[in-house]
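Quick notes on the structure that follows.
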Amino acid sequence: MPKINASNVVEQREWRRSQLISAAAAIALESGSEAITVSAVAQRAGLARTSVYEYFGSSAELVADLILEELSLFTSILVDAVEPAKNSEEAIANWINSALLYIADGRHLLAKALSATSLPVNRSAEIGAAHRALLAPLSKALFEIGISDLNYALNMIQSLTDAATKRIENGSDPQSEISKTVAFCIAGLRTLIQS
């Protein structure tokens, strides 16, 4: 019988699941997502291969859960950044700043390592919703400044942050990129209010 490291069986299962997710994340960061196999994760976690199947039906299911956890963490960071803003433009600036700092700090490397992975079809809607949740903290601020076409504005912000992300990854100064992106984005959003 496996040793219980938590106060009850439910906590033990959650602890073990977290341990497996952490093992998969470490493998992805070291060797890429293609190196995440049930055997590799079991070995990294110090478990029998069959134990992994108690939590995940396949390595692809494990990767899907890993992506969802990473997106959930990133969303929480963005929500926390927007929350204390004194006005809508500050909320938008805080979101862009926080998103790009996440990139500059290297915390996005796991998501980047996982991006090329083929995922189970039955999980794609869930992962798509988690991706959309990243932009959700911006919707209220955009509405409050008078933008009627929220999807257009969200796509614009996403495109600008994607462009800044590439520049940061290629060695541009993160603070300079963040500053320029915030200024450009706010100016662009103001034109949407006027139109």
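The values are calculated or read from the model by the stated rules, or taken from the named source; none is laboratory data. Please read these numbers as outputs of a predicted model, since none were measured by experiment. Counting neighbours? That spans all protein chains shown, and the Cβs are built from the backbone with ideal geometry, glycine included. SASA here: full protein model, heavy atoms, side chains in, ligands and nucleic acids out. Shrake-Rupley method; radii C 1.70, N 1.55, O 1.52, S 1.80 Å.
Only Lys, Arg, Asp and Glu carry charge here, each on its Cβ (+1 for the first two, -1 for the last two); on that basis the chain has a dipole of about 260 debye about its Cα centre. Taking the longest Cα principal axis of the chain as reference, the axis of helix 88-104 is set at about 40 degrees. At the residue level, LYS166 shows approximately 120 square angstrom of accessible surface with a 1.4 angstrom probe and all protein chains present. Solvent exposure of ARG190, expressed as accessible area, is near 110 Å², computed with a probe of 1.4 Å over the protein chains only.
Report the relative contact order of the chain, percent, no decimals, based on alpha-carbon pairs under 8 angstrom and at least 6 residues apart. Let's see the in-between values first.
On the way: 176 pairs, mean separation 40.1, N = 195.
Contact order relative to length: 21 percent.
For the chain, with all protein chains present and a 1.4 Å probe, just round the carbon and sulfur fraction of the accessible area to a whole percent. Answer for the chain is 55 percent, counting heavy atoms of protein chains only. Principal-axis analysis of the Cα atoms of the chain puts helix 124-144 at an angle of about 30° to the longest axis. Relative to the longest principal axis of the Cα atoms of the chain, helix 9-31 runs at roughly 70 degrees.
Each of TYR152, TYR53, TYR102 has its accessible area taken with a 1.4 Å probe; listed largest first, they run TYR152, TYR53, TYR102.
Largest first, how would SER88, SER39 line up by accessible area (1.4 Å probe)?
Values: SER88 15, SER39 55 Å².
I get SER39, SER88, largest accessible area first.
With protein chains left intact and a 1.4 Å probe, residues in the chain average 55 Å² of accessible area per residue.
For the chain, compute the number of Lys pairs whose alpha carbons are separated by less than 26 Å, excluding pairs fewer than 8 positions apart on the same chain.
Working: LYS86/LYS140; LYS86/LYS180; LYS112/LYS166; LYS112/LYS180; LYS140/LYS180; LYS166/LYS180.
Eligible lysine pairs with Cα atoms under 26 Å apart amount to 6.
Loop-located GluC sites (Glu not before Pro) in segment 29-120 (DSSP state not H, G, I, E or B) with no more than 14 neighbouring Cβ atoms inside 10 Å: GLU54. In the chain, taking the dipole from charged Cβ atoms about the Cα centre, the farthest positive-side position among GLY57, PRO137, ILE92 is held by GLY57.
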